[in-house]
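Here's the structure, in C-alpha cells; my notes come after.
We did not get these values from a lab; they are worked out from the coordinates using the rules stated. Because the structure is a prediction, the values reported are computed rather than measured. So basically every Cβ, Gly included, is an ideal-geometry build from the backbone, and we count neighbours across all protein chains shown.
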Amino acid sequence: MSRNQVSLIVVATLLGLGMLIYFSMPSPDYRCEVCVAFEGRQACRTASADTKAMAQRTAHENACAQIASGVTGTTGCHATPSLSVKWLAKR
C-alpha cells in the first residue's frame, strides 16, 4: 500500500469516527429566543438547553451580555424581566 492510500484510510477513519460521535450526542430538548431591554438598549438572543428554565435563563443572560457592562450593569440586567420569550423548534 502506498503512503497516499494509508493517509486516505486514516483520514476516512477519523472522519467516520467524528461523525459517529457528533450524531450520537443528544440534542437539547428546548430552544428559545429571549429579548431584553436595559438602560435604553435592547438585544435578543437564542439558546438551547435540556430544560426550559435553563434555555430561557441562558438566552436572557446572553442578551444581557450584549447590552450591559460591568458587574452592576450585568446584575441589574439579569434582574430585568424579559420583553419577550419565543419558544422555537429544536434543530
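More than 16 Å apart: what percent of Cα pairs in the chain qualify?
Here the long-distance tail beyond 16 Å is 63 percent of all Cα pairs in the chain.
For the pair THR74 and CYS44, how long in nm is the line joining their label points, each one 7 Å along Cα→Cβ?
About 2.5 nm, to one decimal.
Express in nm, to one decimal, how much length is gained between MET1 and ALA65 on full extension, taking 0.36 nm for each residue of separation and deducting their alpha carbon distance.
17.6 nm
Rounded to the nearest Å, what's the spacing between the alpha carbon centres of the stretch 43-82 and the stretch 1-15? Just the number, please.
One Cα centre to the other: 46 Å.
Which whole-number percentage describes the relative contact order of the chain, with Cα contacts under 8 Å and a sequence gap of 6 or more?
31
Quote the FRET efficiency, to the nearest 0.05, computed for LEU15 versus THR51 with a Förster distance R0 of 25 Å and r equal to the Cβ-Cβ distance.
That gives a FRET efficiency of 0.15.
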